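One structure is given below, encoded as structure tokens.
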Amino acid sequence: MRQEFTPLFYREMIKIHHQINLENRVKAEAMWSLLNKIMVLATEEERIPFSNLFARVSYVCQKYNISPRLRYKLHSFRNQFQQSAEKEGEKDWSRLYDQALAITANVWAEMQGATIPEALQSALYDLDTLFPPAAAIKGYHAKIRTVITADLEAESCLLGVEESTGLEYKIRYGLPDRNENFNASIRLLRAAFGFPVTVNLLEVEVDQDSYLRPRAFVIEPDFLIDVTAIAECFQPSGQEPLLYLLKKLLPFSSSPSLIIGNIANYFLDELMANPEAGFMELFPQVFHLFPLQFATMTDQEVKEIMVKAKGHFAVLHKMVKMDFAANGIDRENCYLEPTFYSETFGIQGRLDLFQDKEGASKIVELKSGKPFMANLYGLSHNHFIQTILYDLLVKSVYENELKPTNYILYSSNYEKPLRYAPPVKAQQMEAMEVRNHLVALERMLTGWTFLKDAGEGSWGYGPIRILDALRIDRYPQLKGFHRRDLELFEKTFFALDTLEKDYMRAFTGFIAREHQLAKIGAQGLEGTNGVASLWLSSFDEKEAAFDIISHLKIEINQAGDEEPVIIFRKTDKTNPLANFRVGDIAALYPFEKQDDTVLRSQVFKVTIIGLGQETISVRLRSRQNNLRIFEKDTYWNLEHDLLDSSFNSMYRSLFEFATAPKPKRNLLLGLNAPAKVEDLDFVPSKELTEEQQGILVKMIASKDYFLLWGPPGTGKTSMMLKHLSAYFLQQTDENILLLAYTNRAVDEICEALENIGEEVKAIYTRIGSRFGADEKYHEQLLDSKIAKASTRNELRAIIGQHRIFVSTIASFLGRNELLE
């Protein structure tokens, strides 16, 4: 802040003080206004949308290194004055004015390193006289995991039991200098969760009365929220947790800007492996990464993407070749897309690039878009929040041994692409408060709790169900495409009739409950910790439940290849009965001690592609140019993991139901019977039994749907599906989509199709990865069929030659472009 402001502010304080004709109330309010102006001026350059005055004051105290003594009194005064302004009745305005004058003068002096003028100094009361002393602190804990059992609202305390010791504590909340910014979380505890509920208390002071004074509350810490989801709630207009729900519920479309982002990430990964790679060497591969997206575009759109991709490539190529080194980023010490889990903060995230180097660790988050309403650091606020949450993640996993330098890399900006993101504590705590709200929204989705009145600052929810709260009149502050999305949901949902809305509410709750069960399990039931068993269950418990493949040794390491594969050899300590299958998503992490879990190191997300008696093969999500981590650790573990995206696909499918025409909705709800074709001129194959022939005729005659049930081995796939597909191929010009839940079932479908005749191979294709398909069907994979395509027209021609598409449901839901 400019030094010339110093005498101006002091003159204003003296002027207010000497207005003897003014009432103390008016003078106190004038001094309060002046203090607010100081706070705003001190954060003007940052251009950060603070959610409240607590957050702004906390930021100023950190930025200007305000002493703990003055920081406590500043927050105490802020809280006292705000409460006085809100409450009716008599107030001691004389004392409030004395406090306002002393706080404003002393804060300004510390911020500017200035001396309070004598004309003002003589009017000030001693701060220790005006404010009670801070609570005496007799202990400190970085973290206490507790079960909150009650809210002692009259005392502004929670009653909690420490999990590890069973000791009961009273936990103070609403403390002006420590945790007042988590007051909305306390209200959400009452409104959405009830008691008991697990809460992590962070940076906990223990006062002389043995009360706990935490800096932060992390509600349901085992329900990990993705860092990106939290960051997307931070908009220039402020915090909008509602956006988290809208993204779950509304259809996902692959826009050109999203494709550009994926291309930029691909370029970075490839250049980190080979800095000498050229644009024309890499860009053709993009068609194979996003074939369906390109096939739905016009030639002009493809050209525009190619032109933009060249610009991103130029920036990233220069960055990898020169600029990374200039900023202390050593390519050989970097890891691509490592995942981190933190039960302490209740978050998870996948970094774009991480340099694991003691004393010089770095985080780089790649963004293909341009900064929007950039802050002081030249960053979009949501990008800034995302990166400083990654900072929390890394520090949590490495127990503060690493203190990373954080950057955002804007690949669309050639002049200054790499920008520093300082880990601002006040902003990190704001983000944790939003994280709590997202967990509350997840709980509300389950339908277990109605939205009771959570009070002011809880985003305006009343006593209704969550879907009914998504109305534009509740969120007038939303602008642009966020407003458009909410209007779309409101228009669609509230146009449904009573039964349809009940159906949406019931199945939304069902999905949310299944998601919660998958993530954190059911309390009190043995072996049902969900994915949280990664850290909640002991090694022996995992072994007993056959949920871990442990003590693996690397035999062949191809993590740096184009297809990043590692082959492990089992040891005599590996449980031969571990319950895993080919195609499973798993978490891979190093293992040296019995208490090592995914919380102690970076984690690699992998897919199991081979299970043998002696070996197990996995495919990494990203190829790695740095193989050192695989060399320094002897043993590795594999455990089951979860993709949240599969649940989001279910929510979006429900919305697709809501947007369907009324006759289709009635059909799906069983209100209308399926229509039939009356005169069907068709003679079934003699390969079928008489009973099967009759069933096939009924299937073909059903225009809408037909449900065929039968135990395993009765010919549903090998006979009925084979002949039904043959009929549509030979008697109609319709395209056919065949779906199953598992890759094994899809293999059986492929076998049935190929039994129709050799000619079917030319007109059916399989969607998915070769790692999930039987080797004899690899040639039928779409990726195999388009391997030589290098233009959009070639892609469209190949896809257009096919009439039958076979897939797992999960693979198909990620490729909705097929329907276009």
Rounded to the nearest 10 Å², the accessible area of Val40 using a 1.4 Å probe with every protein chain kept is 70
Calculate for the chain the 222 nm mean residue ellipticity that helices alone would give, adding -39,500 (n - 2.57) per DSSP H run of length 4 or more and normalising by residue count, nearest 500 deg cm²/dmol. -12000 deg cm²/dmol
Give, as ranges by residue number, the residues of segment 718-757 whose backbone N falls under 12 Å from the point 7 Å along Cα→Cβ of Glu687. 718-727, 751-757
Per residue, how much accessible area does segment 460-511 show when a 1.4 Å probe rolls over the protein heavy atoms, in square angstrom? 52
Along Cα→Cβ, 7 Å out, is where each label goes; now give me the distance between the ones at Tyr741 and Ala545 in nm to one decimal. 2.0
So, in nm, how far is label Glu401 from label Gln62 when the simple model puts each one 7 Å beyond its Cα toward the Cβ? 2.5
State the extension gain, in nm to one decimal, for the chain segment bounded by Ala506 and Phe195, taking 0.36 nm per residue of separation less the distance between their alpha-carbons. 109.6 nm
Report the charge-dipole magnitude of segment 604-729 in Debye, nearest 20, computed about the Cα centre from +1 at each Lys and Arg Cβ and -1 at each Asp and Glu Cβ. 480
Cα pair count fraction exceeding 40 Å, expressed as % - the chain: 46
Using only Cα atoms, tell me the angle between helix 498-520 and the longest principal axis of the chain; keep it within 0 to 90° and round to the nearest 10. 80
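Let me have the relative contact order for the chain, percent, based on Cα pairs under 8 Å that are six or more residues apart.
Numbers: 1294 pairs, mean separation 81.7, N = 820.
Over the chain, the number comes to 10 percent.
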Give the Rg/Rh ratio for segment 656-734, taking Rg as the radius of gyration of the Cα atoms and Rh as the Kirkwood radius, to two decimals. 1.02
Cα extents of segment 246-352 along the principal axes, largest first, in whole Å, come to 43, 41, 19
Mind checking the per residue accessible area of segment 739-820 for me, 1.4 Å probe, whole number of Å²? 53
Along the principal axes of its C-alpha atoms, what lengths does segment 339-404 span, in descending order and rounded to whole Å? 34, 26, 20
In nm, give the distance between the simple-model label positions of Lys318 and Ser646, each being 7 Å from the Cα along the Cα-to-Cβ direction. 4.4
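Nearest 20 debye, what's the magnitude of the dipole of segment 135-227 about its Cα centre given +1 on Lys and Arg Cβ and -1 on Asp and Glu Cβ?
Details: 10 positive and 15 negative charges, 21 e Å.
Computed charge dipole of segment 135-227: roughly 100 debye.
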Report the Cα-based extents of segment 526-638 along its three principal axes, largest first, to the nearest Å. 42, 29, 24
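By how many nm would the segment from Leu818 to Ala673 grow when fully extended, if each residue of separation counts as 0.36 nm and the alpha-carbon distance is taken off? Walk me through the numbers on the way to the answer.
Details: separation 145, 0.36 × 145 = 52.20 nm, distance 2.86 nm.
Working it through step by step, the gained length comes to 49.3 nm.
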Whole-angstrom gap from segment 648-662 to segment 25-45, using each part's C-alpha centre: 50
Per-residue SASA entry for Thr298, accessible area with 1.4 Å probe, Å² rounded to 10: 70
Calculate the dipole size of the chain relative to its Cα centre from +1 charges on Lys and Arg beta carbons and -1 charges on Asp and Glu beta carbons; express the result in debye to the nearest 20. 1600
Give me a comma-separated list of calculated 3J(HN,Hα) values for segment 478-485, in order, Karplus coefficients 6.51, -1.76, 1.60 applied at θ = phi - 60°, integers in Hz, x for any Gly or Pro. 5, 10, x, 6, 5, 5, 4, 5
Report the local net charge at Ser254: Lys and Arg +1, Asp and Glu -1, summed over other residues whose C-beta lies under 11 Å from its C-beta. -1
Scan segment 537-583 for chymotrypsin sites (Phe, Trp or Tyr not before Pro) in coil per DSSP, keeping those whose Cβ has at most 15 other Cβ atoms within 10 Å, and list them by number. Phe546
Those GluC sites (Glu not before Pro) in segment 323-372 that DSSP places in a loop and that have at most 13 other beta carbons within 10 Å: Glu358
Rounded to 0.05, the calculated FRET efficiency for the beta carbons of Phe706 and Thr129 at R₀ = 60 Å is 0.10
Using a 7 Å offset from Cα along Cα-Cβ at Glu110, what residues in segment 23-57 end up with backbone N under 13 Å from the label point? 57
Per-residue SASA entry for Arg25, accessible area with 1.4 Å probe, Å² rounded to 10: 90
Nearest 10 degrees, 0 to 90: helix 690-701 Cα axis against the chain principal axis: 50
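Roll a 1.4 angstrom probe over the protein heavy atoms and tell me the percent of accessible area of segment 200-283 that is carbon or sulfur. It would help to have the intermediate numbers written out before the result.
Numbers: 1260 of 2540 Å².
That fraction is 50 percent.
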Residue separation between Gln300 and Val582 times 0.36 nm, minus their alpha-carbon distance, gives in nm 97.4 nm
At 1.002 mPa s and 20 °C, Stokes D of segment 1-151 from Kirkwood alpha-carbon radius, µm² per second: 127
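The values are calculated or read from the model by the stated rules, or taken from the named source; none is laboratory data. Everything numeric here is computed off the predicted structure, so don't read it as measured data. Heads up, the Cβs are rebuilt from the backbone with ideal geometry, glycines too, and the neighbour counts pull from every protein chain shown. Areas reflect the complete protein model, heavy atoms only, side chains present, ligands, DNA and RNA absent. Shrake-Rupley method; radii C 1.70, N 1.55, O 1.52, S 1.80 Å.
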